[in-house]
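First the structure, in the form of structure tokens, and then the observations on it.
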Amino acid sequence: MREIGDDTFERDVLQSETPVVVDFWAPWCGPCRAVAPIFEQLAADQDRVEFVKVNIDEHPGYASRYSVLSIPTAILFEGGDARETVVGARPRSHYERVWGPWLGLGLARQEQPPPAA
């Protein structure tokens, strides 16, 4: 997974033409290290969603902007908007269920509830 920072977040995430999952993490965070292989596998198993990571110790700007108070926090962005957030370490099946419509799994996007305003 590619690491990005506050200096490239706008271009790499908010202006991306494809959905992007951002893993907000820190090197000292054990649960962050536990979910990293899950995100690597999800990224490798499909080509609809890009996965990137942001070290919140080195790049706290967007973590603060999106109210990341606990890590790991993974946020799926689409069209410049945060669409789905998962806080904490979860099994792969949980991420697949939450992000299924974007990953090509489960319900079609139009069957999903509209994003919160």
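Things to note:
- Of all positions in segment 75-92, none carries a residue that is polar (S, T, N, Q) and either more than 11 Å from the chain's Cα centre (by Cα) or surrounded by 19 or more Cβ atoms within 10 Å (Cβ to Cβ) (or both).
- Among the residues of segment 16-56, the ones that are closer than 21 Å to GLY104 by Cα and out of contact with any Lys or Arg (no Cβ under 6 Å at 6 or more places or on another chain) come to 23 in all.
- Odd one out for GLU10 among (1) on the phi > 0 side of the Ramachandran plot; (2) free of Cβ contacts under 8 Å to residues at least 40 places away in the same chain: (1)
- Evaluated against (1) surrounded by 15 or more Cβ atoms within 10 Å (Cβ to Cβ); (2) within 19 Å of TRP99 (Cα to Cα); (3) not hydroxyl-bearing (Ser, Thr, Tyr), ILE4 falls short on exactly one condition, (2).
- Only listed residue being at pLDDT 95 or above, assigned to a loop (DSSP other than H, G, I, E, B) and surrounded by 13 or more Cβ atoms within 10 Å (Cβ to Cβ), chosen from SER16, SER70: SER16
The values are calculated or read from the model by the stated rules, or taken from the named source; none is laboratory data. All values reported here derive from a predicted model rather than from experimental measurement. Ideal geometry is used to build each Cβ from the backbone, glycine not excepted, and the neighbour counts take in all protein chains shown.
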